Amino acid sequence: QVQLVESGGGLVQPGGSLRLSCAASGSVFRIRTTDWYRQAPGKEHELVADLTREGIAVYSESVKGRFTISRDNVKNTVYLQMNSLKAEDTAVYYCKATTSLPSRSYWGQGTQVTVSS
């Protein structure tokens, strides 16, 4: 079992920055990948960024160059640094961890990000 707790959301003006955190506990050694997803009102879940255990990061085209996913292995925490935020980045952001042996996915509770002047 893996438990995920997100934090760091809030209200920010266009062009501003936020850093989201996803703290993992439980069987963290089984985590193979950690992802950040987002869901805006009336829209589908969108994969924003993916980070593998080996440190390989992949980003959606909509956030590439503005967002950075990273990990602190000591704190078992994955971060999403979001810069140059736009109104269209407004959404609930979710952290997802996928484990191996067994292969399962775990989700956090989500954190709201609102970009507005």
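The values are calculated or read from the model by the stated rules, or taken from the named source; none is laboratory data. Everything numeric in this text was worked out from a predicted model, so none of it was measured. Glycine gets a Cβ as well: all are built from the backbone with ideal geometry, and neighbour counts include every protein chain shown. Just so you know, the surface numbers come from the protein's heavy atoms only, side chains and all, with ligands and any DNA or RNA stripped out. Shrake-Rupley method; radii C 1.70, N 1.55, O 1.52, S 1.80 Å.
So, of the residues in the range 46-57 that are open to solvent by 50 Å² or more (accessible area, probe 1.4 Å) and farther than 12 Å from CYS95 by Cα, which turns out to be farthest from the chain's Cα centre (by Cα)? Explain how you work it out, then say what you get.
Here is the first cut: in the range 46-57, the residues open to solvent by 50 Å² or more (accessible area, probe 1.4 Å) are 46-47, 53-54, 56.
When the remaining residues are screened for being farther than 12 Å from CYS95 by Cα, the result is 53-54, 56.
Details: ARG53: 15, GLU54: 17, ILE56: 15 Å.
Among residues in the range 46-57 that are open to solvent by 50 Å² or more (accessible area, probe 1.4 Å) and farther than 12 Å from CYS95 by Cα, the one farthest from the chain's Cα centre (by Cα) is GLU54.
So, restricting to strands (runs of 3 or more DSSP E) that lie completely within the range 53-117, which ones have at least 2 residues that are among the aliphatic types (A, V, I, L, M) and within 17 Å of SER21 (Cα to Cα)?
Where strands (runs of 3 or more DSSP E) fall fully within the range 53-117 and carry at least 2 residues being among the aliphatic types (A, V, I, L, M) and within 17 Å of SER21 (Cα to Cα), they are 77-82, 91-99.
What number of residues within the range 58-73 satisfy the criterion of being under 15 Å from HIS45 (Cβ atoms) and surrounded by fewer than 15 Cβ atoms within 10 Å (Cβ to Cβ)?
Adding up the residues that qualify gives 1.
Which of the residues belonging to the range 74-101 are among the charged types (D, E, K, R) and surrounded by fewer than 16 Cβ atoms within 10 Å (Cβ to Cβ)?
Listed by number, the residues that qualify are LYS75, LYS86, GLU88.
For residues that are of a type in the set (D, E, K, R), closer than 16 Å to SER25 by Cβ and within 13 Å of the chain's Cα centre (by Cα), tally how many sit in the range 58-117.
Of the residues in the range 58-117, 2 are of a type in the set (D, E, K, R), closer than 16 Å to SER25 by Cβ and within 13 Å of the chain's Cα centre (by Cα).
Could you look through the range 6-39, keep only residues that are of a type in the set (A, V, I, L, M) and either modelled with pLDDT of 95 or more or within 18 Å of LYS64 (Cβ to Cβ) (or both), and pick out the one that is most open to solvent (accessible area, probe 1.4 Å)?
The first filter runs over the range 6-39 and keeps only residues of a type in the set (A, V, I, L, M), leaving 11-12, 18, 20, 23-24, 28, 31.
Cutting the leftovers down to either modelled with pLDDT of 95 or more or within 18 Å of LYS64 (Cβ to Cβ) (or both) gives us 11-12, 18, 20, 23-24.
Working: LEU11: 130, VAL12: 19, LEU18: 31, LEU20: 0, ALA23: 42, ALA24: 20 Å².
This residue is LEU11.
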